[in-house]
Amino acid sequence: MRKEGKLSGLFFTNDPDLDEAYKVGDRVEVYCDHEKNGDRIRDWLTGTVVQVDPKMIAVQFRDNVYLTDGWMVPDHVLWCPKESQNVRKPIRRKRRPRGASKKSNT
């Protein structure tokens, strides 16, 4: 006969925060070093939240991103504090409809 171990109970001092600012799958913009048209720049880059911790979020990008000291991040994931001024919800930009061309003054 096998005897099972007893698991300790988990106790919370507060209810879990269900009103998180970020959730897995959210699109966000991060002000970071990345590549654009073959050049390294520091600007806002759109990525996807892939993990949320109590104090940090992990954001994955399609483009190469770099740490402040210049090292490329191999998995394209940057960890940022949730309250960082370098993380924001994406700003909506107006897009031209597909197939629309620029007006010419002729």
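FYI, it's all coordinate maths here, none of it is from the lab. Remember, it's a predicted structure, so these values are computed and weren't measured experimentally. Quick reminder, even Gly has a Cβ in these numbers, built from the backbone with ideal geometry, and neighbours come from all protein chains shown.
List the residues, sorted by chain then number, that are 5 or more residues from Asn64 or on another chain and whose placed amide H is less than 5 Å from its amide H.
So Asn64 has HN proximity to Glu35.
All other residues with a Cβ under 12 Å from the Cβ of Thr68 taken together, and with Lys, Arg as +1 and Asp, Glu as -1, what is their net charge? List each step's numbers first, then the result.
Details: positive: Arg42; negative: Asp33, Asp69.
The answer is -1.
Sorted by mean Cβ packing within 10 Å, highest first, what order do the peptides 58-65, 81-88 take? Let's see the in-between values first.
Numbers: 58-65: 16.6, 81-88: 12.5.
The packing order, highest mean first, is 58-65, 81-88.
Under the classification rounded if a/c is under 1.5, otherwise prolate if a/b is larger than b/c and oblate if not, where does segment 27-88 fall, given a ≥ b ≥ c as square roots of the Cα gyration tensor eigenvalues? Mind dumping the intermediate values first?
Details: a/c = 1.77, a/b = 1.68, b/c = 1.05.
In terms of gyration-tensor shape, prolate.
List every residue whose amide H lies under 5 Å from the amide H of Asp26, counting only residues 5 or more places away in sequence or on a different chain, with H placed 1.01 Å from N in the peptide plane.
Val49
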